[in-house]
Each structure stands twice: as structure tokens, then as C-alpha cells.
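A.B. asks: Shown below is the structure under consideration.
The values are calculated or read from the model by the stated rules, or taken from the named source; none is laboratory data. Everything quoted here is computed from the prediction, not taken from an experiment. Methodologically, a virtual Cβ is constructed for each residue, glycine included, from the backbone with ideal geometry; neighbour enumeration extends over all protein chains shown. What goes into the accessible areas is simple: the full protein's heavy atoms, side chains included, and nothing from ligands, DNA or RNA. Shrake-Rupley method; radii C 1.70, N 1.55, O 1.52, S 1.80 Å.
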Amino acid sequence: MENEKDIYILAIESSCDDTSAAVMLADKVLSNVTASQAVHEQYGGVVPELASRAHELNIVPVVDAALKRAGVEKTQLSAIAFTRGPGLMGSLLVGVSFAKGLAASLGIPMIEVNHLQGHILAHFIKEEGVEHKSPEFPFLCLMVSGGNSQIVKVDSYKEMQIVGQTIDDAAGEAMDKCAKVMGLGYPGGPIIDRLARKGDPKAYTFSKPHIPGLDYSFSGLKTSFLYTLRKFVVDEPNYVETHLEDLAASFEATVVDILMEKLYKATKQLGIKRVALSGGVSANTALRQAFHDYAKRYGWEIFIPKFGFTTDNAAMIGLVGYYKFLDKDFCAMNMPAFSRTVI
Ligand code: KG4
């Protein structure tokens, strides 16, 4: 096998509505290019058919840009890593098929990567000239995105175990749906974040779930939020528009409380104080602040990814790809995509 330091991997991520390509040199990211799809904003959510079509338009220019930005020729590539799932099937198929075609034409191996594993291992991506500290194993990872809310015990690059997860909606999904109810745009999470900075997190009390163990639930909170709005608009039709900041702050604070209470319980149960945050919702200001507060109060060692590696990106897929490359964990040409799974 070539020297570990000379392993160039092209990674492709297309599981939802971001077309992303990255070039990695071992565990170091050389380029990470992402094309987002504004087309979904007008529908208040991702429309799968439109997402697939946009991936078809974006994939060639995005891969081309990633190679150019990295200063790497296709012929230098050692392997192609791609997101196999979970995600939207039509979106995944664009990336998977493209990876297969390019790998076949170059005569290099393919590496299939689980999208969730990518989010979790994003903490190990290195960048030129950037001081970086990765978590030691084992650590707990709170993985919060638009499709998942999980607490994962990470024992090594390969061994991970879900110790708690949502039994209904994901945290990001709840953010997006409640933003939609308030007539805000999509994705709602960043909008709620922005509004919440100017609001009172104690202005309203929403009901919290009582789920045993380490699992989450967000559907009850969503209903509680909706009923609160309905109650106020009966007497004051413009109530929501005039109280957006307090509503956003109180809702966000409840989501963060729910996430942190179970995470704290997990650290106590498993006796692990190394705690990482990942997934799109990890960009949330209040959640990041809560991580710092818990670290101070309970002596946690925390790991929060930089913004560019929180949302869907190909660098995290390339990082997993690199470790699989070292294990010669390649996949066959007939490897299918999958839409749902556990790690
Ligand atoms: O990981 P991600 O980019 O995509 C997947 O779901 O795989 O996560 C997207 C989710 C959306 O629900 C979005 O509203 C949420 O992350 N999000 C945020 C913030 N930025 C993105 N939620 C709260 N605060 C934010 N700043």
C-alpha cells in the first residue's frame, strides 16, 4: 500500500439537499466544496424530487471545483468515498452512481460511508495550519440534525453504539416545523437561533417529554408549542408576529434543556465525561453555550466542531473513508444506497 501520507481520497456527499465534494490527503482536508439548494425554501421543506434533480446539475461542477481547489488531478486519487445512506434515496443515488462511474473509469477502489458516522467523526478532520484537538476514545457524541437526535457512545473509529435516540421527531425537525408554524422560512433552525438571541427564554413554558431511559421525544413539545400559539391568537390575531423573539427563545431553551438533560444522564450512567456535539443543530448558539456551561459545572471535556463541519459536508465522509482505506475496507460495484438505518 502507498505511504499513509500520500493517500488522496475524493469524497462525495449527497444524502439530502447539499451536494458536496471534498479532497482529503490522509485525514487532512484539502478542499470541501458544497452547493446548497435554495429551491426548497419556497416549499418550507426539502422536496425529494427537486433535490435529486439539483444534485444532477451540481455534482460535476462541485467535484471539479473540489479537485481544482485542492490542486489534485483525478489520476492522483487513491479511492472514492461516498455517502451510502441514510438519506433521501433519489439524492443518494446521484452521488452513489457518480462515485461508481468515476471509480470504474479511474480503476480505483470505492469506500461506502454511513452519513451518521461521518457526522460523528467530523471531530477528527484536520486542516492545514489549524490547531486541532480530537477526542480520545471512548467519548459520547450528541448527534443532532434534521433527521436524527441520538446519543452515541464512540469506542473507536469503527465501533459506535447508539445509547439513546428520538422515538419520533428529530430536534432539527422540531425546530423547522415550529418555525413553519410561526410563518418563518426554511430551514427554521437558524432563524429561530437568530430571533432567540433577542428574546426571553423564560417567557413561555412548554411541556417536556417524560420518556424513560436515554431516549428523546420532540412531538409533544411541538404540539404544546402549537396549542400555545392557538390560545393567544384567539384574542390577538397578530400575536405570533409581535412575540416572535420570546416564542423562539422559549422554544429553543426547551429543546436545549431536553437534549442536555438526557445527555447529562448518559454521562452519569456510562461514567464518561468526554462529550462531543455534531450534526446541523450543533450550530445552535444556545446549545453550544449549554455545552460550555455543563463543561464548567460537571468537569466535562467538550468537543464542538467548527461551523463548516456541522452541517452536511463531504470532508466528514472523506475522513471516515480514510480510516476505512487504511483497513482496506472497500466495497463492490453493486453496493446499493440505503435510506434508513442505525449505525
Ligand atoms: O445535519 P444537517 O445539516 O442535515 C441533516 O439533517 O442531515 O442538519 C440540518 C438541521 C435543520 O433542521 C436545521 O434547521 C438545523 O439543522 N440547524 C439549526 C441551526 N443550524 C442548522 N438548528 C438550530 N440552530 C441553528 N443555528
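A.B. asks: Answer yes or no: is there a residue in the range 86-93 that is assigned by TED's automatic domain parsing to the domain that holds ALA51, aliphatic (A, V, I, L, M), modelled with pLDDT of 95 or more and open to solvent by less than 20 Å² (accessible area, probe 1.4 Å).
C.D. replies: yes
A.B. asks: Can I ask one more? Residue pairs, Cβ under 7 Å, 6 or more apart or interchain, first in the range 286-309 and small (Gly, Ala, Ser), second open to solvent by 20 Å² or more (accessible area, probe 1.4 Å) and in a helix (DSSP H, G or I). List them.
C.D. replies: As it stands, the answer is ALA286/ALA253, since those pairs meet every condition given.
A.B. asks: Next question, about the same structure. Within the range 258-308, which residues are within 16 Å of the ligand (Cβ to nearest atom), more than 24 Å from PRO201 (Cα to Cα) and surrounded by fewer than 23 Cβ atoms within 10 Å (Cβ to Cβ)?
C.D. replies: PRO305, LYS306, GLY308, listed by residue number.
A.B. asks: Moving on. Quick one: TYR204 ticks every box in (1) open to solvent by less than 60 Å² (accessible area, probe 1.4 Å); (2) near the ligand (Cβ under 10 Å from one of its atoms); (3) modelled with pLDDT of 95 or more bar one, so which box is it?
C.D. replies: (2)
A.B. asks: With VAL23, VAL96, VAL72 as the choices, which residue is part of a strand (DSSP E or B) and either open to solvent by 60 Å² or more (accessible area, probe 1.4 Å) or touching a residue at least 60 places away in the same chain (Cβ under 8 Å) (or both)?
C.D. replies: VAL23
A.B. asks: Something else about it: Any residue in the range 140-164 that is within 19 Å of HIS210 (Cα to Cα) sitting within a Cβ distance under 6 Å of a residue that is within 13 Å of the ligand (Cβ to nearest atom) and open to solvent by 40 Å² or more (accessible area, probe 1.4 Å)? List the pairs, counting only those 6 or more apart or interchain.
C.D. replies: Short answer, once both residue conditions are applied: none.
A.B. asks: Also, quick follow-up: From the set of residues in the range 26-50 that are in a strand (DSSP E or B) and open to solvent by 40 Å² or more (accessible area, probe 1.4 Å), which is farthest from VAL62 (Cα to Cα)?
C.D. replies: Top of the filtered list is LYS28.
A.B. asks: Further, regarding this structure: I need the full set of residues from the range 170-185 which are more than 8 Å from the ligand (Cβ to nearest atom), open to solvent by less than 60 Å² (accessible area, probe 1.4 Å) and over 12 Å from VAL255 (Cα atoms), in order please.
C.D. replies: MET182, LEU184, GLY185
A.B. asks: Using the structure shown, decide if VAL181 is among the β-branched types (Val, Ile, Thr) and within 23 Å of PHE206 (Cα to Cα).
C.D. replies: On the way: among the β-branched types (Val, Ile, Thr): yes; within 23 Å of PHE206 (Cα to Cα): yes.
Spelling it out, VAL181 is indeed among the β-branched types (Val, Ile, Thr) and within 23 Å of PHE206 (Cα to Cα).
A.B. asks: Checking the structure you have, find out if any residue of the range 100-112 is under 23 Å from the mean Cα position of the chain (by Cα), outside any strand (DSSP E or B) and surrounded by 17 or more Cβ atoms within 10 Å (Cβ to Cβ).
C.D. replies: Looking through the range 100-112, none of the residues is under 23 Å from the mean Cα position of the chain (by Cα), outside any strand (DSSP E or B) and surrounded by 17 or more Cβ atoms within 10 Å (Cβ to Cβ).
A.B. asks: Out of THR205, THR223, report the one residue that is of a type in the set (Val, Ile, Thr), in a helix (DSSP H, G or I) and without any contact (Cβ under 8 Å) to a residue 60 or more places away in the chain.
C.D. replies: THR223
A.B. asks: Take ASP246 and tell me if it is more than 13 Å from the ligand (Cβ to nearest atom), open to solvent by 20 Å² or more (accessible area, probe 1.4 Å), closer than 23 Å to ARG194 by Cα and not assigned by TED's automatic domain parsing to the domain that holds ILE120.
C.D. replies: So ASP246 passes the test.
A.B. asks: Residues in the range 118-152 that are farther than 15 Å from LEU92 by Cβ and not in a strand (DSSP E or B): how many?
C.D. replies: Matching residues across the range 118-152 total 21.
A.B. asks: Further question: Would you call PHE98 away from the ligand (no atom under 16 Å from the Cβ), at pLDDT 95 or above and aromatic (Phe, Trp, Tyr)?
C.D. replies: It is true that PHE98 is away from the ligand (no atom under 16 Å from the Cβ), at pLDDT 95 or above and aromatic (Phe, Trp, Tyr).
A.B. asks: Still on this structure, please answer the following. With the checklist (1) more than 24 Å from ILE167 (Cα to Cα); (2) open to solvent by 70 Å² or more (accessible area, probe 1.4 Å); (3) assigned to a helix (DSSP H, G or I); (4) more than 14 Å from the ligand (Cβ to nearest atom) in hand, flag the one item ARG194 doesn't pass.
C.D. replies: Condition not satisfied by ARG194: (4).
A.B. asks: Another question, then. Could you check, for the range 315-331, whether at least one of its residues is assigned by TED's automatic domain parsing to the domain that holds GLU127, in contact with a Ser or Thr (Cβ under 6 Å, 6 or more places away or on another chain), assigned to a helix (DSSP H, G or I) and modelled with pLDDT of 95 or more?
C.D. replies: Checking the range 315-331: at least one residue is assigned by TED's automatic domain parsing to the domain that holds GLU127, in contact with a Ser or Thr (Cβ under 6 Å, 6 or more places away or on another chain), assigned to a helix (DSSP H, G or I) and modelled with pLDDT of 95 or more.
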